[in-house]
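For reference, the structure is listed below as structure tokens.
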Amino acid sequence: MIVPVILSGGSGKRLWPLSRTLFPKQFINLISDTTPFQDTILRLPEDISDPLVICNEEHRFLVAEQLRQIKANNSGIILEPIGKNTAPAIALAALNLSNSNQDPMLLVLSTDLQISNIKSFHKSIKTAKTLVEQGKMVALGVRPTKPETGYGYIEFDNSHEAEYYDIKSFKEKPSLEIAKNYLDSGNYYWNSGIFMFKASVYLNELEKFEPEILSACKKSYKNAYKDLDFIRLDNDKFSKCPEKSIDYAVMERTKDAVVVPLESNWFDIGSWEKLWEVKQKDSNNNVIEGDVILNEVKDSYIHGSNRLVSAIGVSNLVIIDTQD
């Protein structure tokens with residue numbers, strides 16, 4: 001059984017610094033008629049379980065409403081009182097889903113990603129499933145198309161061609177020079193932030209490498225209770241949990257980590273520049289949204305959702321005007 005674990009804890013502060021609490025980017029229609037959160041659920045294979053969502057307590061009604069809009073069922077909505085990064089969040093999911101004496105496979109997904117080739121995405125999940133059944137911990141990697149400084153990287157062993165590769169290390173967002181070296185070497189993938197493994201394997205590895213995280217999550221989940229459609233934790237116990245990503249807590253330390261290629265156009269919605277790259281542009285390479293008048297403007301992103309925006313003789317700018 002594969003259970004999607006949707007991590008919807010990002011603040012979206014890189015896009016909307018003034019409205020990050022109420023309207024983080026994963027809940028706004030950035031690219032299509034559906035939001036990144038909804039897209040994450042809608043692109044899932046049909047033959048897997050309903051998703052388990054983990055989100056900040058302040059976003060609970062946004063999550064519930066967006067699930068309702070696309071008529072999506074769920075396996076639960078766990079509310080984090082405070083963000084502690086991905087390793088604790090996934091631990092909570094594993095503890096929740098292991099309660100019924102089952103050992104499901106967790107497909108961990110964040111909500112600020114865009115994947116264009118859904119068929120390829122499903123194929124990667126199928127390949128990962130076979131490896132997870134053997135006890136492997138899988139990360140999906142995307143082949144770099146340029147020296148990107150805004151993404152993390154996965155170094156892998158490319159000594160042979162295969163459906164998957166052993167992971168050698170995880171790399172933080174590099175400088176431009178280092179990113180160029182990664183691209184030229186041919187043995188680095190972009191870290192997509194998508195992972196898959198058995199719940200028991202994750203909990204065992206977390207206990208081995210980060211016992212304090214597991215202990216805090218167990219204590220906070222032990223006193224969890226249902227509140228309407230939501231699962232509330234023991235806030236005091238969870239607040240004492242160390243903050244660490246799954247990359248550093250487990251994936252780069254376990255001996256069972258492998259990377260499966262995701263052959264698709266993929267990007268992380270982390271900036272206005274990323275949105276500009278994927279959106280339709282006019283003859284002057286501008287993305288124009290809303291009530292906008294331009295004269296001799298090139299290579300810019302202009303968005304107006306509050307009042308008329310006009311620009312003359314400028315280039316390489318992001319101009320965003322919203323009600324707040």
Exercise. Please give the calculated 222 nm ellipticity per residue for the chain, where each DSSP H segment of at least 4 residues contributes -39500 (n - 2.57) and the sum is spread over every residue; nearest 500 deg cm²/dmol?
Key: -8000 deg cm²/dmol
Quiz item: Build a GNM of the chain with springs between Cα atoms under 10 Å: which of Glu161, Glu205, Glu133 gets the top mean-square fluctuation?
Solution: Glu161
Self-check item: GluC sites (Glu not before Pro) restricted to segment 257-324 and DSSP loop, no more than 15 other C-beta within 10 Å
Solution: Glu263, Glu296
Quiz item: So what's the gap between the Cα centers of segment 231-258 and segment 280-324, to the nearest angstrom?
Solution: 42 Å
Quiz prompt | Probe 1.4 Å, protein heavy atoms only - accessible area per residue of the chain in square angstrom | solution = 49 Å²
Quiz item: Given a Förster distance of 25 angstrom, what is the FRET efficiency for Ser120 paired with Asn187, based on the Cβ-Cβ distance and rounded to 0.05?
Solution: 0.75
Practice problem: Would you please classify the overall shape of segment 75-122 from the alpha carbon gyration tensor, given that a ≥ b ≥ c denote the square roots of the eigenvalues, rounded means a/c under 1.5, and beyond that prolate means a/b larger than b/c while oblate covers the rest? | Solution: oblate
Self-check item: Low-density loop cleavage sites - trypsin sites (Lys or Arg not before Pro) in segment 28-88, where at most 13 other Cβ are within 10 Å (DSSP)
Solution: Lys71
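So how strong a dipole does the chain carry about its Cα centre when Lys and Arg Cβ are +1 and Asp and Glu Cβ are -1, to the nearest 20 debye? Spell out each step's value before the answer.
Numbers: 37 positive and 44 negative charges, 98 e Å.
Value, rounded to 20: 460 debye.
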Quiz prompt | Selected from Ile178, Ile293, Ile78 as most flexible by GNM, with the chain as the system and alpha-carbon contacts under 10 Å | solution = Ile293
Exercise. Quote the FRET efficiency, to the nearest 0.05, computed for Asp321 versus Ile70 with a Förster distance R0 of 30 Å and r equal to the Cβ-Cβ distance.
Key: 0.55
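How big is the antiparallel share of DSSP beta bridges in the chain, given as a percent to the nearest 5? Please list the in-between numbers first.
Details: 23 of 59 bridges.
Around 40 percent antiparallel, to the nearest 5.
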Quiz prompt | Angle in degrees between helix 211-222 and the longest Cα principal axis of the chain, rounded to the nearest 10 | solution = 90 degrees
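Report in % the part of the accessible area of the chain that belongs to carbon and sulfur, leaving out ligands and nucleic acids; probe 1.4 Å.
Working: 7180 of 15770 Å².
Its accessible area is 46 percent carbon and sulfur atoms.
Please label the shape of segment 45-133 as rounded, prolate or oblate, based on the square roots a ≥ b ≥ c of the eigenvalues of the alpha-carbon gyration tensor (a/c under 1.5 means rounded; beyond that, a/b larger than b/c means prolate, else oblate). Please list the in-between numbers first.
Working: a/c = 1.64, a/b = 1.23, b/c = 1.34.
It comes out oblate by the Cα gyration axes.
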Quiz item: Highest GNM mean-square fluctuation, the chain, Cα pairs closer than 10 Å: which of Leu206, Leu294, Leu109?
Solution: Leu294
Practice problem: Can you tell me the 0 to 90 degree angle between the C-alpha axis of helix 118-133 and the longest principal axis of the chain, rounded to 10? | Solution: 20 degrees
Quiz item: Spin-label point model (7 Å from Cα, Cβ direction): what's the Asn285 to Asn306 distance in nm?
Solution: 2.9 nm
Quiz prompt | Helix axis angle, 86-97 relative to the chain longest principal axis, alpha carbon, degrees | solution = 50 degrees
Quiz item: Put a dot 7 Å past each Cα toward the Cβ at Ile178 and Thr149; how far apart are the dots in nm?
Solution: 1.2 nm
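Shape of the chain from its Cα gyration tensor (a ≥ b ≥ c, root eigenvalues): rounded if a/c is under 1.5, otherwise prolate when a/b > b/c, or oblate? Please report the intermediate quantities before stating the final value.
On the way: a/c = 1.94, a/b = 1.32, b/c = 1.47.
Oblate.
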Practice problem: Using label points projected 7 Å from each Cα along Cα→Cβ, tell me how many nm separate Asp166 and Glu58, to one decimal. | Solution: 4.5 nm
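The values are calculated or read from the model by the stated rules, or taken from the named source; none is laboratory data. Please read these numbers as outputs of a predicted model, since none were measured by experiment. Note that we place each Cβ from the backbone using ideal geometry, even for glycine, and neighbour counts take in every protein chain shown. Heavy atoms of the whole protein, side chains included, go into the accessibility calculation; ligands, DNA and RNA do not. Shrake-Rupley method; radii C 1.70, N 1.55, O 1.52, S 1.80 Å.
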